[in-house]
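Engineer: Have a look at the structure that comes next, please.
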Amino acid sequence: MSEELIFHVKPHIAASASVNAKSLALMNNHASLDPDPFWLEQARRLDWMRFPTIAGSGGFGGPGDETVEISWFADGTLNASVNCLDRHLASRGDETALIWQGEIEAQTARLSFHDLHDKVCRLANVLKAHGVGRGDRVATYLPMVVESVVAMLACARIGAVHVVMFAGFSPSGVASRIRDSAARLLITADEGRRGGKRIPLKTMADAALDELGDAAPPHVLVVSVTGAAVPMKQGRDHDFATLVEAAAPDCAPEEMGAEDPLLILYTSGSTGAPKGVLHTTGGYLLWASLTHEMVFDHRPGDVFWCTADLGWVTGHSYVVYGPLANGGTTLVFEGTPSFPSPGRWWQVIDKHAVNGFYTAPTAIRALMRDDPAVVDAARLDSLRVLGSVGEPINAEAWLWFYEKVGHARCPVIDSWWQTETGGMMIVPVPGAVAQKPGSATLPLPGVRAVLVDEKGQVLDGAAEGHLCIDGSWPGQARTLWGDHGRFVQTYFTTYPGLYFSGDGARRDADGYFWITGRVDDVINVSGHRIGSAEVESAFATHAAVSESAVIGVPDDLKGQSLAAFVVVRGGAAAAPQDLRGELAAHVGRQLGRYAAPDLVVLVSDLPKTRSGKVMRRILRKIATGEHEQLGDVSTLADPSVIDSLLESMAGVRNAGPTG
Ligand code: WTA
């Protein structure tokens, strides 16, 4: 149905945008016919200390060859913080680089490029004084405050690698990320604010540091956000503001190779613990900056608001690196969409005259449920381009966003990309590509998106298959921290010679891509990637659990929600009443509340093949009530398990999702 709908390029956008249909066609041609000169030309958008002479090199290997080496602009040198700050000082040093809007309405801050430069340099000096140097990892565990952006750029300034951790992670999640990255220093806060509540970040960080024991970083900087009194460990913990104020406001930037690491960001995969996706300096920054400008039709001085948390890749590329590299004003919002009352986001847009607005389908779907008068009460006339990311957007949400928020005046860009891609990949360029609600439309120049069937055959024309990218682009992740073998295994061995995204997609007769969602065991809950294996490991740490299987089921609001089938010791029948709720809470404590399953079913056994593999397909059907269509169950080792699963499920329907 939605395929019938098409929204043509707005003439006023086509007339003024830096990229229109004609220039996009030229870019596409240039990128495919003459990639090296094309990318070297694109590289001019950055300030280099030494301009590169080489564009892309290396490759994805292929059948029988598992050498994956990706490198861009290898002989160029630059500094990411210089690109985000110093290079704007002469032309717009006094203009606003960052607006911070606190959860408390009266709390706002405006920092010019000079102000931000000053703070970044001071912190860079503090980091150096605490033994952090080139290549060292610095972990941050912070709420949405100015210091979080300052920390990222201060690392970039001295060549340290930032490892930003979402403030919703549990202490164990924090500990495992610090351990894996061997971070030398941690920056955290006394507390975070969320929806009127306080999050005891320092207490949680302390628990993580205790868990780490000797592997804990020797220094911890503590930002005072709420001013709460928190215990400070003598010699280890330092007050952030005191050190920063005492530090010198100048710090010469390190000259970094384009391929030197800039950041590690942990993300969930279908197996094992979260993996440290590594991005390097030149290619990543180029990709963040190019895509931000092209896709949001960004102009200098624009106010850009990406609602993503800094703990996810969207926050990295479109709160920090893209907008600041482009000399824009980035808005950092501490709060949530409807606190203290519905319509808060719309008030923020009006108050700060936001031009580009980038958010997630989950949030749009939640906001659609408010009284229509709430969004109608806002002016929203500063908006020019609206964007969506993180999960498939249904046509209904797309249309609401377009009409109610964009007043049928702003293009809605649905952008498909991943932590591993560094920035947007399949997305309509608003001055050039017509939009169809629910479709991420066409790949950006230089991105060869292909669909393959189960056997790895590349499909032509209208087709449905697994989404792969044929050949590298500058923003691509280079490796997984400390485990290149896993990098190769995860992304390049399923279809040798191609990067496999883990997503399925359909392509229509116009060549438009429609992302259908993950085809592996990654579950996308409210745009957060959660690996089923991760949740299953968390269950396994509970004494009552002998085994579990976690799946994603469709959810009207969250896109997908987590359902867990748990085999308990002593049998499901004998389990105490409240065990299901306790198990869900246990997972929340282990991983963070965002990963607590919505549905827990206690079962006596899991449906397994004779070789012991859990048949998740069957669990999905049972969880969604489609047990009439279980499909082929002949490979089950014990077919009687189905009846017992159905019985457990019926019990849950009576008792409620988590008991
Ligand atoms: C999903 C977030 C449909 C997809 C930037 C991908 C999407 C995963 C879209 C990456 C979209 C992201 N339409 N699905 N526009 N954007 N996804 O690493 O499954 O947190 O693989 O990066 O989100 O999530 P990640």
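Engineer: Of all residues in region 434-482, which are farther than 20 Å from residue 295 by Cα, charged (D, E, K, R) and open to solvent by 30 Å² or more (accessible area, probe 1.4 Å)?
Structural biologist: 453, 454, 455, 460, 464, 470
Engineer: Still on this structure, please answer the following. How about region 529-578: which of its residues are assigned to a strand (DSSP E or B) and more than 16 Å from the ligand (Cβ to nearest atom)?
Structural biologist: Residues satisfying the conditions are 545, 546, 547, 548, 549, 550, 563, 564, 565, 566, 567, 568.
Engineer: Just give me the residues in region 395-421 being of a type in the set (Gly, Ala, Ser), open to solvent by 10 Å² or more (accessible area, probe 1.4 Å) and within 15 Å of the ligand (Cβ to nearest atom), in sequence order.
Structural biologist: 395 - this is the single residue of region 395-421 that is of a type in the set (Gly, Ala, Ser), open to solvent by 10 Å² or more (accessible area, probe 1.4 Å) and within 15 Å of the ligand (Cβ to nearest atom).
Engineer: Taking region 507-525, which residues are surrounded by 17 or more Cβ atoms within 10 Å (Cβ to Cβ), away from the ligand (no atom under 11 Å from the Cβ) and not in a strand (DSSP E or B)?
Structural biologist: If the condition is that a residue be surrounded by 17 or more Cβ atoms within 10 Å (Cβ to Cβ), away from the ligand (no atom under 11 Å from the Cβ) and not in a strand (DSSP E or B), then 512, 521 are the ones that fit.
Engineer: Report the residue count in region 422-447 for those that are more than 11 Å from the ligand (Cβ to nearest atom), within 20 Å of residue 401 (Cα to Cα) and of a type in the set (Val, Ile, Thr).
Structural biologist: 2
Engineer: Have a look at 566, 587 and point out the one that is among the hydrophobic types (A, V, I, L, M, F, W, C), closer than 25 Å to residue 528 by Cβ and in contact (Cβ under 8 Å) with a residue 40 or more places away in the chain.
Structural biologist: None of the others qualify; the one that does is 587.
Engineer: Could you say whether any residue in region 479-486 is within 14 Å of the ligand (Cβ to nearest atom) and modelled with pLDDT of 95 or more?
Structural biologist: Checking region 479-486: at least one residue is within 14 Å of the ligand (Cβ to nearest atom) and modelled with pLDDT of 95 or more.
Engineer: Here's another thing I want to ask about it. How about region 600-641: which of its residues are open to solvent by 20 Å² or more (accessible area, probe 1.4 Å), at pLDDT 90 or above and in a helix (DSSP H, G or I)?
Structural biologist: Listed by number, the residues that qualify are 616, 617, 620, 621.
Engineer: Now for a separate question. I'm told residue 319 meets every condition in (1) open to solvent by less than 20 Å² (accessible area, probe 1.4 Å); (2) under 17 Å from residue 143 (Cβ atoms); (3) away from the ligand (no atom under 16 Å from the Cβ) except one. Can you identify the failing condition by its number?
Structural biologist: (3)
This table checks each residue for (1) open to solvent by less than 50 Å² (accessible area, probe 1.4 Å); (2) within 16 Å of the ligand (Cβ to nearest atom); (3) over 26 Å from the mean Cα position of the chain (by Cα); (4) charged (D, E, K, R).
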site: 344; (1), (2), (3), (4): yes, no, no, yes
site: 355; (1), (2), (3), (4): yes, no, no, no
site: 367; (1), (2), (3), (4): yes, no, no, no
site: 372; (1), (2), (3), (4): no, no, yes, no
site: 376; (1), (2), (3), (4): no, no, yes, yes
site: 384; (1), (2), (3), (4): yes, no, no, yes
site: 387; (1), (2), (3), (4): yes, yes, no, no
site: 393; (1), (2), (3), (4): yes, yes, no, no
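Engineer: While we're on this one: Name every residue in region 255-264 that is part of a loop (DSSP other than H, G, I, E, B) and under 24 Å from residue 315 (Cα atoms), in order of residue number.
Structural biologist: Residues satisfying the conditions are 258, 259, 260.
Engineer: Against the conditions (1) part of a helix (DSSP H, G or I); (2) surrounded by fewer than 18 Cβ atoms within 10 Å (Cβ to Cβ); (3) within 16 Å of the ligand (Cβ to nearest atom); (4) not charged (D, E, K, R), where does residue 242 fall short? Just the number, please.
Structural biologist: (3)
Engineer: Quick check on residue 167: is it part of a loop (DSSP other than H, G, I, E, B) and either in contact (Cβ under 8 Å) with a residue 40 or more places away in the chain or at positive phi (or both)?
Structural biologist: yes
Engineer: Check residue 289 against each of (1) open to solvent by less than 10 Å² (accessible area, probe 1.4 Å); (2) under 23 Å from the mean Cα position of the chain (by Cα); (3) of a type in the set (Gly, Ala, Ser); (4) within 23 Å of residue 195 (Cβ to Cβ) and name the one condition it does not meet.
Structural biologist: Condition (4) is where residue 289 drops out.
Engineer: Can you say whether residue 183 is in contact with a Pro (Cβ under 9 Å, 6 or more places away or on another chain) and not in a helix (DSSP H, G or I), as far as the supplied structure shows?
Structural biologist: Judged against the criteria, residue 183 is a match.
Engineer: When you scan region 526-546, do you find a residue that is open to solvent by less than 10 Å² (accessible area, probe 1.4 Å), closer than 30 Å to residue 436 by Cβ and touching a Cys at 6+ places or on another chain (Cβ under 8 Å), even just one?
Structural biologist: No, every residue in region 526-546 fails to be open to solvent by less than 10 Å² (accessible area, probe 1.4 Å), closer than 30 Å to residue 436 by Cβ and touching a Cys at 6+ places or on another chain (Cβ under 8 Å).
Engineer: So for region 448-456 (the condition being over 17 Å from the mean Cα position of the chain (by Cα), within 14 Å of the ligand (Cβ to nearest atom) and more than 25 Å from residue 376 (Cα to Cα)), does at least one residue qualify?
Structural biologist: Among the residues of region 448-456, at least one is over 17 Å from the mean Cα position of the chain (by Cα), within 14 Å of the ligand (Cβ to nearest atom) and more than 25 Å from residue 376 (Cα to Cα), which makes the answer yes.
Engineer: Now a separate question. How many of the residues making up region 490-506 are outside any loop (DSSP other than H, G, I, E, B) and away from the ligand (no atom under 14 Å from the Cβ)?
Structural biologist: Adding up the residues that qualify gives 1.
Engineer: Also: Looking at (1) open to solvent by less than 20 Å² (accessible area, probe 1.4 Å); (2) closer than 23 Å to residue 195 by Cα; (3) modelled with pLDDT of 95 or more; (4) away from the ligand (no atom under 16 Å from the Cβ), which is the one condition that is false for residue 325?
Structural biologist: Answer for residue 325: the failing condition is (2).
The values are calculated or read from the model by the stated rules, or taken from the named source; none is laboratory data. Everything numeric in this text was worked out from a predicted model, so none of it was measured. All Cβ positions, glycine included, derive from the backbone under ideal geometry; neighbour counts span all protein chains shown. Quick note on the areas: whole protein, heavy atoms, side chains included, nothing else; ligands and nucleic acids left out. Shrake-Rupley method; radii C 1.70, N 1.55, O 1.52, S 1.80 Å.
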